[in-house]
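One structure below.
What follows draws every value from the coordinates through simple rules; no lab data is involved. A quick note: this is a predicted structure, and the numbers were derived from the prediction, not measured. Note: ideal-geometry Cβ built from the backbone for every residue, glycine included; neighbour counts use all protein chains shown.
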Amino acid sequence: MKKITVLTGLFIASFSFAQEKLLTIQEALWKGRTVLAPKRLQSLAFINGTDKYTYVINDELLVGDNKTGKAQSVLSLKEMNSNLKIAKKDTLPSLTTVYWKNRSQFYFSNSKGELIYDLDKKVIFDTDRSSQETTLESYDKSKTGAYTFCKNDNLFVVKDGKEIQVTTDGSKDIVYTGKNVHQNEFGINGGIFWSPNGNYLAFYRMDQSDVTDYPIIDWSSRPAKNVNIKYPMAGNKSHYVTLGIYDLKKNQTIYVKTEGDKEQYLTNVAWSPDEKHIYIAVLSRTQNDMKLNEYEVSTGQFVRTLFEEHDDKYTEPLNPMLFVKNNPSQFIWQSRRDGFNHFYLYDISGKLIKQLTKGSWEVKAENGFDDKGERLFFHANEQSPVNQDFYSVNLKNGVMTRLTSGNGFHTCILDEKGNYVIDNYSNSTTPREYALINTLNKKSTTIFKADNPIKDYKLGSWNLFSIKNNDGIDLHCRIFKPINFDSTKKYPVLIYLYNGPHSQLVTNTWMAGGELWYQYMAQKGFIVFTLDGRGTSYRGRAFEQATHRQLGTKEMEDQLKGVEYLKSLPYVDASRIGVHGWSFGGFVTTTLMTRSPETFKVGVAGGPVIDWQFYEIMYTERYMDSPQDNKEGYEKNNLLNYVDKLKGKLLMIHGAQDPVVVWQHSIMYQKKAVDKGIQLDYYLYPGHEHNVLGKDRAHLMEKITNYFIENL
């Protein structure tokens, strides 16, 4: 048996309970993220302009003092509904979500829309925001109060109550909505960028006229009808993106002159604090070369390239430059240039001042500065890849301070001055705890401790650990054992996986990051196992890029190392091992079932990629290069080539309206199975896209559960 490496500093012992109540599948599916999940504080936030914080729990709104940590109720659901009745407004079934406008007023919504509650006067007002401003089409609001929305494919600005049309050529080919630019890769989650003082609006213009139409069939009409989407497949024509800048004072638009390949990517847009310049990370379509470029706002002209980054495999800028608070001559850049994601301090000319953080760990997110701009706050996994803590780093002396304590996973919010942090903490055996932390003296005051929500249920034990892969690299794992576990018996194993980029399933959080469904399967006598192999996140560049040009091969190798470990356990039935995953996990599931067919008896693959030539450009060409440049890699990992190797039972599931991993993937696989005389179980969810959500989720999970129970 291979040596099993224990995660340093982690709680490793199994965690179990001695209660007798069993989960129903309905509880496991529907209540695992609600009443049977550790209780959360709702609307948790600092109130800007005050030394107060606030949250909602048990239908009460509380306000606390930052200095003492003590909080008291300021409003109950009963009082809120009483005042709603006085105002002749619809009452609320619960008090959960509020957004503070100022120290005494907050926004909330009832069945009719948004309202304002005044705590001092104990009265309710109609909202001071327009109905357009509160709809989903309102993308962003500037410092001046102007905001944007889209109508008839075009972009509009509302300023001082006046509606101004910014663009006129919007269509299905010319996109201004801020959605789906570059398929939302490179950290892009919107297409609207207000300048710091609200005098300018930058926005993406995406020309997708050369991108092929792709049919999505609406089966609900008679007859069924085709709804085309634009889907740029790997190796084909991509879309062309430019950046417009609208001047609110002059009521005119110019376009930034980003010369170069039309199919390059414009990412990580940032404004200079004085609004005179705008910065874009311009990334080549090959994703090997990035230039951080500066442009003049008034003319759109190129000014200079601050610096460039190159990677032989791929570079993936995910965060725009961050100007240092109170010092517009310096900015922070995040990069993996030394192998791990870290902060670099630059001056505005593009000269590197120093690397601020360093080590074999990753900065995961920046969270802002203190009031003086001397300390930068961030989340990182310095303690362990499965942990997360909150830190500050001093920009002058480079001293890094860990502000959270306790072995586990900390998710924090910072107040506007950087003096206090609210820490949401859990680990494998701790459901959830909240604490208020003073960032100067690290004094911590507990705000709330959640009870164990499943203490009354009879559950299996679980634990975290790591094993070595063939290259001696630690692979982090978790395991759930059946209830009434008996080491002298033999148990079937269900491997749940994803193992794709931008993922991490195994974390030192409550139940090791597992779902309550795993416990239901443990009740049914299954061992449930998960391993994060190479290609997953937060382990550094080499760990992630190990899968480059060969998606599926290294992932399979690491997952099979997990199987080797499982088979070494005397209580594992090596003849009854199953595997399940969705999306990239569906791809890995199908890979394992057909490229290692003797290993697995049963598999369930949801929404799987089958042939990477049929997946979108931005993602696929990053990890696989283009089909023209990597014919061998695409061919080797094309699962159509292995259909005839299938020996076990495989259930493949797809959403009929899937615009992400299009239905064609599993249709091609099913056709090849028929051609080869291979029996394949197949299920379709009409009306669903890439994930089966809503009321049909229970149907999906019951089908998956029954498939493993019946066949494994």
Note down the magnitude of the dipole of the chain about its Cα centre, charges +1 on Lys and Arg C-beta and -1 on Asp and Glu C-beta and zero elsewhere, to the nearest 20 debye.
1640 debye
Log10 I(q)/I(0) at q = 0.14, 0.16, 0.19 Å⁻¹ for the range 42-126, from Debye over equal alpha-carbon scatterers, is -0.43, -0.56, -0.79
Would you work out which of Phe149, Gly648, Ile454 lies farthest towards the positive end of the dipole of the chain? Charges go on Cβ: Lys and Arg +1, Asp and Glu -1.
Ile454
Which far-off residues, 5 or more places away or on another chain, put their amide H under 5 Å from the one on Lys101, with H placed in the peptide plane?
Phe106, Tyr107
For the range 196-201, what does the Karplus curve 6.51 cos²θ - 1.76 cosθ + 1.60, with θ = phi - 60°, yield as ³J(HN,Hα) per residue in whole Hz, taken in order and with x for Gly and Pro?
x, 9, x, 7, 9, 10
What percent does the relative contact order of the range 177-270 come to when contacts are Cα pairs within less than 8 Å and at least six residues apart?
27 percent
Charge-dipole axis of the chain as Lys and Arg at +1 and Asp and Glu at -1 on Cβ define it, positive-most pick from Gly350, Phe369, Gln264:
Phe369
Counting DSSP beta bridges with both ends in the range 306-420, the antiparallel % (nearest 5)
95 percent
Here the averaged projected area of the range 473-586, based on the convex hull of its alpha-carbon atoms and given in nm², is 7.2 nm²
Rounded to two decimals, what is Rg over Rh for the chain when you use alpha-carbon atoms and the Kirkwood radius?
0.96
Going by how many other beta carbons lie within 10 Å of each one, how would you line up Glu382, Glu598, fewest first?
Glu598, Glu382
Mean separation of Cα contacts under 8 Å, 6 or more apart, over the residue count of the chain: relative contact order %
11 percent
Taking the alpha-carbon centroid of each part, what is the distance from the range 654-712 to the range 18-81 in angstrom?
37 Å
If you put +1 on each Lys and Arg Cβ and -1 on each Asp and Glu Cβ, how big is the dipole of the range 487-563 around its Cα centre, in Debye rounded to 20?
180 debye
Ellipticity estimate at 222 nm from DSSP helix runs (n ≥ 4, -39,500 (n - 2.57)) divided over the chain, nearest 500
-4000 deg cm²/dmol
Let me have the relative contact order for the range 42-126, percent, based on Cα pairs under 8 Å that are six or more residues apart.
21 percent
Signed unit charges on C-beta, dipole axis of the chain, positive-most listed residue Gln657, Val211, Leu403:
Leu403
What is the calculated FRET efficiency for Glu710 to Glu689, with r their C-beta to C-beta distance and R₀ = 30 Å, to the nearest 0.05?
0.60
Length gained if Asp371 through Lys250 is fully extended, taking 0.36 nm per residue and subtracting the Cα-Cα distance, is 40.2 nm
Subset of Lys141/Lys372; Lys257/Lys354; Lys631/Lys671; Lys122/Lys143; Lys601/Lys647 violating a 19 Å alpha-carbon distance limit
Lys141/Lys372; Lys257/Lys354; Lys631/Lys671; Lys122/Lys143
Could you tell me which trypsin sites (Lys or Arg not before Pro) in the range 676-712 are loop residues by DSSP with no more than 14 other beta carbons within 10 angstrom of their beta carbon?
Lys695
To the nearest 20 debye, the range 42-126 has a Cα-centred charge dipole, built from +1 on Lys and Arg Cβ and -1 on Asp and Glu Cβ, of 140 debye
Give me Lys88, Lys52 ranked fewest to most by other Cβ atoms within 10 Å of their Cβ, as a rough exposure proxy.
Lys88, Lys52
Express in whole angstrom the spacing between the alpha-carbon centres of the range 570-592 and the range 154-205.
43 Å
